[in-house]
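What follows is one structure encoded as structure tokens, with my remarks underneath.
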Amino acid sequence: MKKYLFILLAVLMGVSSATAQSADDLLVQQAVNQLVAKKTFLFVAQRVVGSRISQSVLQGKRELTINKDTLTINLPYIGKGASASDNDMNNPLSFTSHDFTYDIEVTKKGNKIITMDVKSPNGSDRFKMMLTISNGINAQLSITSATRSSMNYSGFIQEIGALENIEK
């Protein structure tokens, strides 16, 4: 009987420690919540998944920046477009826009889902972007358009200028 009681106690302690968040995790989550609420953050893409490739690691500075009323995106596009003006020299996911909506939803598990409808500066494209933030700073970005192939990116959230401050 004592043996079973000991096993039950060990299991309960393991479950409670696995579900409890550390103080650092809570601080990171609070910081991300503040950045998202203030609409001032950076999504740094590390991987891309498109219709033509299975998955690829990204090199260089590939990001989406939200700074209040400005959205700046510089992400690779590896898909098909249905517009006659498409050519290999123009990246449809490299622009700055002030014409976008921004809605936040928090799931039961605490993940944040940010939905944005973005109009490109020349007005030729409209993109639906869904950024899902989970486990603190981990994030997935899904971009869809009526005239282009869907793209998916994985990466992380950080404060604008955080890397520049570290490098100095």
Legend entry - Counted residues, the stretch 138-151 - those being buried (at least 17 other Cβ atoms within 10 Å of the Cβ) and at pLDDT 90 or above: 6
Legend entry - Residue selected from the stretch 67-102 under the condition at pLDDT 80 or above and out of contact with any strand residue (DSSP E or B) (no Cβ under 7 Å at 6 or more places or on another chain), by the criterion surrounded by the fewest Cβ atoms within 10 Å (Cβ to Cβ): 69
Inset, instruction - Find the residue count for the stretch 121-144, including only residues that are touching a residue at least 40 places away in the same chain (Cβ under 8 Å) and not in a strand (DSSP E or B). - result: 4
Legend entry - Checking residue 64 against (1) outside any strand (DSSP E or B); (2) under 17 Å from residue 127 (Cα atoms); (3) modelled with pLDDT of 85 or more, the condition it does not meet: (1)
Legend entry - Residues of the stretch 100-120 satisfying the condition of being touching a residue at least 24 places away in the same chain (Cβ under 8 Å) and not in a strand (DSSP E or B): 102, 109, 110, 120
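The values are calculated or read from the model by the stated rules, or taken from the named source; none is laboratory data. Because the structure is a prediction, the values reported are computed rather than measured. Because the Cβ atoms are built from the backbone with ideal geometry, glycine has one as well, and the counts that use them run over all protein chains shown.
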